[in-house]
């Protein structure tokens, strides 16, 4: 009688241990999934910012091609003041 009681307690303890491990595994999976979703969102945002930065650089380059940069004083001689 006592042996069955002790065996039942051991079985219940093992079940609680397995339940704990299973719940921790589910929680770990959930945290990893959420972290992965956040990482994907940050990567998309960074890619969009990179595209915007590239577009601004191309626009700036196109504007510089149309309007050349201001020449420096070395290209001209000294100014004559009356």
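What follows is calculated from the coordinates using simple rules that are stated; it is not laboratory data. What you see is a predicted model, and the numbers here were worked out from it, not measured in a lab. Here Cβ is always computed from backbone atoms with ideal geometry, including for glycine, and neighbour counts include all displayed protein chains.
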Can you compute the modelled spin-label distance between residue 44 and residue 5, with each label point 7 Å from Cα toward Cβ, in nm? 6.1
May I have the pair-distance distribution P(r) for segment 2-55, computed from all Cα-Cα distances with 10 Å bins from 0 and rounded to whole percent? 21, 21, 16, 15, 12, 8, 5, 2
